[in-house]
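Novice: What follows is a single structure, and I will ask about it in a moment.
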Amino acid sequence: MKAFHTSLVASLMLAGTTLSASASIISQGVTFTFEAVDADTLRLTVDNLPNATGNWGPVNFFDAFDIRDVGSFSSATATYGVTSVSGLLGQQANGSGVGCNSGGGASACFNWGPNLSITNHMVFNIDFVPAGAGLDFSNPHLKVSFLVNDTDTRKTVDLLSLNIPVNAAPVPGPAVGAGIPGLLMAVGGIVAWRRRKTASAA
């Protein structure tokens, strides 16, 4: 019965509350995902860049990105692999040149040097230090710039610039309404069957 009990607890846990804290968009064959890791950290995942379509087809390097619309913060740091860079506050991914430039408002821009070679799965963890009214990850805006050649001094492909809403609140799992009663009925049936089997053996 111990194994059965463990399975029951695991099933009840799966039928309970789950955390929905991420959202994705797909643009030109590339998937961008924001995940609210905790109250101060956003994770940006970029998938399938080597297989990008359209204007991004020839892209080979990740130039820079900026994040805004996340509330108030005094500093931000982005980590990719084992390297970290401090965000340039009030700056944005350059729409004509490379790297970051002014005009970003309440934003943080991140630019690696040398430029990052694209891979199929790129993960950036962005840690913010909250200030004032605090952070709000419900609807962050992301702007990303790419390069075709490492020596490019101006953009030759489109920028990505859009909001990616993130729901970071716990929400009921889809099985909460009907799954738990059904699961309990099944458990009751199994217990009754075990009792009948024990009585017959006696």
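Novice: Which of the trypsin sites (Lys or Arg not before Pro) across segment 108-168 are loop residues per DSSP, with 15 or fewer other Cβ within 10 Å? All intermediate terms of the calculation are to be shown ahead of the outcome.
Specialist: Working: sites: LYS143, ARG154, LYS155; in loops: ARG154, LYS155.
Those that pass, being in a loop and sparsely packed, are ARG154.
Novice: What order, most packed first, do the peptides 144-150, 82-88 have when packing is the mean number of other Cβ atoms within 10 Å of each residue?
Specialist: On the way: 144-150: 19.7, 82-88: 14.3.
So the order, starting with the most tightly packed, is 144-150, 82-88.
Novice: Set the Förster distance to 30 Å, then compute FRET efficiency between ARG154 and ALA133 from the Cβ-Cβ distance, nearest 0.05.
Specialist: Efficiency at R0 = 30 Å is approximately 0.20.
Novice: Could I ask something else about it? Let me know the Rg and Dmax you get for segment 24-171 when you use only its Cα atoms, in Å.
Specialist: Cα radius of gyration and Dmax of segment 24-171 are 14.4, 47 Å respectively.
Novice: Within a Cβ distance under 11 Å of ARG43, other residues only, what is the Lys/Arg minus Asp/Glu net charge?
Specialist: Numbers: positive: none; negative: GLU35, ASP38, ASP127.
Here the count lands on -3.
Novice: Still on this model: Please give the peptides 66-78, 120-132 ranked by average Cβ packing (other Cβ atoms within 10 Å per residue), highest first, as a rough proxy for protection.
Specialist: 66-78, 120-132
Each value in this text was obtained by applying a stated rule to the coordinates, not by laboratory testing. Since the model is a prediction, treat every value here as computed from it, not as a measurement. Here Cβ is always computed from backbone atoms with ideal geometry, including for glycine, and neighbour counts include all displayed protein chains.
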